[in-house]
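Have a look at the structure below, then the notes.
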Amino acid sequence: MYIRSVKLRSFRNYAECELELGPHTNVFYGGNAQGKTNLLEAMYLCSRAKSYRTSSAGDLVLHGEDYGEVELRFFAAGRDQVFRMAVDKKGKKKIFLNDVPVGKVSRLLETCKVILFSPDDLLMVKKGPDLRRKFIDNSISQLKPSYLSDLVSYCRLAEQKNKLLKLIKEGRYDEATLSAWNYKLAEYAAKITAVRRQFVDEINQVNERIHFSISRQKMSVLYRPNIRESMQIEEYSRQKQVIFDYLQAHAQQEMKLGLSLYGIHRDDFELQINDTDLRQFGSQGQQRSAVLSLKLAQCELIEQKTGERALILLDDIMSELDQDRRAFLLSSFGEQQVVITCTDREVYPSNGDVHYYHVAGGTCREILETD
């Protein structure tokens, strides 16, 4: 996949913006808070119709305007395509792919393969399990869009169960109803656990080779399900039963606290270097190499599984990497389209196939060789 052109209207700090991108490397440079990341955010929308920076879609609309618009013309799945999204200041969205309304995000995931690499990704190792789950879930969703549907359904049920537990704790609801919720959660949890386990096996096969190329060290990703008993079972009906039995066995504890304590929403993924926990014992350099290799493995898996090269968005990540890791990253993309934001254009010297764009105060213009 690669984007041919971007058109914005009343989006973030852009009143109007139209630009064409090169098929390979595109560097957007300028001072801080000028609008570089806003451009990447607009490009990211085609894969999920949601921002990676805010949960409020209304934030995307230029201050003082009633609505904003994004139009991306891109090539994917062997043909030219068009993504359009309009959003009003209340956050209501209208989304179109090739002039057909988009009802489910899975349709975008099937078409648009986009990988974002931002400084927040570097926190994946040190922070809590939510960031590691997010990486795994985002990766799987690009390969298997139906997974996202199951995950959303599970999370919705878990949220409803939390409300029920609170009511039971307060004596306002019959605790006998809890088993029905646990049974439905177990159905989704068994499917999600199986897919996560398979994905970890697949990414390890690719990531181990990439990471060794970076650091000459062995890296492993280990799946640590919250309900450990479910990990050893591959047959779906048995796995579902094990998860349901576990939830039922711990129902009194959850009702006492009024909170859902167990389930795949509390899974973790341990990262190891040479069989040692990277989170506890890894140096900053080792942590950055690990995240870098995981992102590259994600990229390679998408191409292996779908036949599509993903669009790569590098949001101010170059300043976070040393010279060797920066060089390794940039040399790894081959024919893929890469969009880079940075404060200094010299971070990526021209090799004859680089397009440069200067961003300042909500304006963006391509800098040609004659400028």
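Coordinate-derived values only; no laboratory data. Note that the structure is a prediction, hence the values are computed from the model and not measured. Neighbour counts run over all protein chains shown; Cβ positions are idealised from the backbone, glycine included.
From helices alone, the chain scores -14000 deg cm²/dmol at 222 nm; the rule is -39500 (n - 2.57) for each run of n ≥ 4 DSSP H residues, then divide by the residue total. Within a straight-line Cα-Cα reach of under 21 Å, Lys191 can be paired with the following lysines, leaving aside sequence neighbours fewer than 8 residues apart in one chain: Lys104, Lys134, Lys144, Lys161, Lys240, Lys305.
Volume of the convex hull of the range 1-43 (Cα atoms only), normalised per residue: 72 Å³.
A crude spin-label estimate for the pair Glu208 and Leu368, with each label 7 Å from Cα along the Cβ direction, gives 5.2 nm.
Given axes a ≥ b ≥ c from the Cα gyration tensor, I'd like to know whether the range 226-282 is rounded (a/c under 1.5), prolate (a/b larger than b/c) or oblate.
Cα axes put the range 226-282 in the oblate bin.
Checking (i) 1.07; (ii) 1.47; (iii) 0.94 against Cα Rg over 2.2 N^0.38 Å calculated from these atoms, the matching label is (i).
Take the Cα of Arg216, step 7 Å toward its Cβ, do the same at Lys163, and the gap between the two points is 5.8 nm. Is the shape of the range 50-143 best called rounded, prolate or oblate, per the rule: a/c under 1.5 gives rounded, else a/b larger than b/c gives prolate, else oblate, with a ≥ b ≥ c the square roots of the Cα gyration tensor eigenvalues? Note, shape of the range 50-143 comes out oblate.
Once Lys and Arg get +1 and Asp and Glu get -1 on their Cβ, which of Ser179, Val200, Pro119 lies farthest toward the positive end of the dipole of the range 67-218? It is Pro119, whose Cα lies furthest towards the positive end.
Using the crude model of +1 on Lys and Arg Cβ and -1 on Asp and Glu Cβ, and no other charge, please compute the dipole size for the range 32-181 relative to its Cα centre, in debye to 20.
Dipole size: approximately 280 debye.
DSSP beta bridges confined to the chain are antiparallel in about 70 percent of cases. Among 327-336, 293-302, sorting by the average number of other beta carbon atoms lying within 10 angstrom of each residue, highest first, gives 293-302, 327-336.
Rounded to the nearest 0.05, the FRET efficiency derived from the C-beta distance between Ser331 and Tyr173 at R0 = 56 Å is 0.45. Answer rounded, prolate or oblate for the range 1-93, using the Cα gyration tensor with square roots of eigenvalues a ≥ b ≥ c: rounded when a/c is under 1.5, else prolate when a/b is larger than b/c, else oblate. Since a/c reaches 1.5 but b/c is at least a/b, the shape of the range 1-93 is classed as oblate. Taking every DSSP bridge with both residues inside the range 214-351, close to 65 percent are antiparallel.
What relative contact order, as a whole-number percentage, does the chain give when Cα pairs under 8 Å and 6 or more residues apart are counted?
26 percent
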